[in-house]
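J.: Could you have a look at this structure, given as C-alpha cells, before my questions?
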Amino acid sequence: MLETVQGWVHEAQHIAVLTGAGVSAESGVPTFRDAQTGYWAQFRPEDMATEAGFRAHPQRVWDWYQYRRDLLADVEPNAGHHALARFAQQHPGRLTLITQNVDGLHQRAGNTGVLCLHGDIFSNRWLDTPRPCCHLDHAVAGQPPHCDRCGNLVRPGVVWFGEALPWATLQAAEDAARQCDLMLVVGTAGAVYPAAGLAHQARAAGAQVVVLNPAPSALDDTAHALLRGTAGTLLPPLLG
Ligand code: BV8
C-alpha cells in the first residue's frame, strides 16, 4: 500500500495535509489526550481548554498551559515534520499544510504558510476586549498575568472548545480540502470539528484520502488507503 500511495503523491498536483497531535508524538510531545499525566491526569483537556474553564480556574488553566509550554521547550521537530517541510520546499505550491497542533513544530522544521486552525500555544492575548489601560507587555506578572488597572486576564492565544476558528485560516483550509487531489490525514483521532470535517470535504470533492495513523481513527472511513504506522516512519519514504 505504501508504494501505491507513493504513486498518488508523485501524480498529485495539489496535496493537502491535515495533521494532529500524533505528528509531534515522536518529538516526545504527549498527544492531546496522553498529555494528562501526573497532577494533570485529574482534569479533562476538553474542560480546561475552554473560556468557562479559564474563568472558573484561571490559575489552574494558566499553569496547564505553562506546563505544556515547558514540555515543548525541550523538544525538536522529528523526521515527519522535516519530511513535510522538505517536500514543500522542493515542490513549491504543491502542498498545503493544515495543522490542528498549537506546538509550532511544523514551522520550526521549515514549513511556511502553515494553516494553524487552533492557534499558537506560545502566543497570548487578553481574555476580555482590551481597554486603553491593558498593555500586554505591561501585564502584571502572575498566574495568569493580568492588567493591574482593570484586572483583565491574559490568556493563551489558542482556540478553545466553543470558540470559532480563525475565519480566514478555516476558509483557506476548506479551499485546500476542496481543491486538492490528494489529502494526507496524519496523526489525528479525528474527533475535533470543524478540523476533522476537512477530510470529509476532501473526499466529497473527489480527492484521494489517505490516513496515516498507528491506530484506528474516526476518519478511517474517509480513507481510500490506511497506512498503519507512525508519522516519523511513514512520511519520509512517502514524500521522498
Ligand atoms: C467550534 C487548542 C463553533 C487548545 C484545540 C461539529 C462542528 C463544529 C463544532 C463541533 C462539532 N461537534 C462538536 C463540536 C464542538 C467542538 C468539538 O469538536 N468537540 C469535540 C471534543 C467533540 N469543536 C469546537 O469547539 C471548535 N469550535 O466549533 O466553534 C463556533 C462557531 C462560531 C462561533 C462560535 C463557535 C474548536 C475546537 C478547537 C479546540 N482547541 N486545541 C489547546 O490545545 O489547549 S483542539 C485540541 O484537541 C488539539 O488542538 C487537537 O485539535 C485536538 C486533539 O486532537 P488530535 O490532534 O487528534 O489528538 P489526539 O490526542 O486526540 O489523537 C492523537 C492521534 O495521534 C491518535 O489518533 C493517535 O493514534 C495518533 N498517534 C499517536 N502517535 C502517533 C500518532 N499518529 C502518527 N504518528 C505517531 N507517532
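Here, each number is a calculation from the coordinates, and none is a lab measurement. Everything numeric here is computed off the predicted structure, so don't read it as measured data. Cβ coordinates were reconstructed from backbone atoms using ideal geometry, including for glycine residues, and neighbour counts include every protein chain displayed.
J.: What relative contact order, as a whole-number percentage, does the chain give when Cα pairs under 8 Å and 6 or more residues apart are counted? Don't jump to the answer; show the numbers that get you there.
T.: Numbers: 428 pairs, mean separation 61.7, N = 240.
Here the relative contact order equals 26 percent.
J.: Whole Å is fine, so just give me how far the alpha carbon centre of segment 188-240 lies from that of segment 20-71.
T.: So the separation of the two Cα centres works out to 24 Å.
J.: Contour minus end-to-end for Q90 and D175, with contour as 0.36 nm per residue of separation and end-to-end as the Cα-Cα distance?
T.: Numbers: separation 85, 0.36 × 85 = 30.60 nm, distance 2.24 nm.
Here the segment from Q90 to D175 would lengthen by 28.4 nm.
J.: Report, in debye and to the nearest 20, how large the dipole of the chain comes out about its Cα centre when Lys and Arg carry +1 and Asp and Glu carry -1 on their Cβ. Working shown, then result.
T.: Numbers: 16 positive and 22 negative charges, 52 e Å.
In debye, rounded to 20, the chain gives about 240.
J.: Now for a separate question. How far apart, in nanometres, would the label points at T31 and H10 be if each is projected 7 angstrom from Cα along the Cα-to-Cβ direction?
T.: About 3.1 nm, to one decimal.
J.: Taking a ≥ b ≥ c as the square roots of the Cα gyration tensor eigenvalues, with a/c under 1.5 meaning rounded and otherwise prolate when a/b beats b/c, else oblate, which class fits segment 26-107? It would help to have the intermediate numbers written out before the result.
T.: Details: a/c = 3.09, a/b = 2.16, b/c = 1.43.
Note, shape of segment 26-107 comes out prolate.
J.: What FRET efficiency comes out for the pair Q66/T112, r = Cβ-Cβ distance, R0 = 25 Å, nearest 0.05? Please report the intermediate quantities before stating the final value.
T.: Details: r = 28 Å, r/R0 = 1.11.
Working from the Cβ atoms, E equals 0.35.
J.: Further question: For the charge dipole of the chain, defined by +1 on Lys and Arg C-beta atoms and -1 on Asp and Glu C-beta atoms about the Cα centroid, which residue among Q143, F43, A231 has the Cα displaced farthest towards the positive pole?
T.: Positive-most Cα among the choices belongs to Q143.
J.: Counting helices only, and only those DSSP H runs with n ≥ 4, report the 222 nm mean residue ellipticity of the chain as the sum of -39,500 (n - 2.57) divided by its residues, in deg cm²/dmol to the nearest 500. The partial results should precede the final answer.
T.: Values: 9 runs with 83 residues, N = 240.
Theoretical 222 nm ellipticity from helices: -10000 deg cm²/dmol.
J.: Length gain on complete extension for the stretch Y193 to Q59, per 0.36 nm per residue less the alpha carbon to alpha carbon distance? Don't jump to the answer; show the numbers that get you there.
T.: Numbers: separation 134, 0.36 × 134 = 48.24 nm, distance 2.73 nm.
Answer, rounded to one decimal: 45.5 nm.
J.: Expressed in nm to one decimal, what extension gain is obtained for the pair A141 and E163 from 0.36 nm per residue of sequence separation less their Cα-Cα distance?
T.: 5.3 nm
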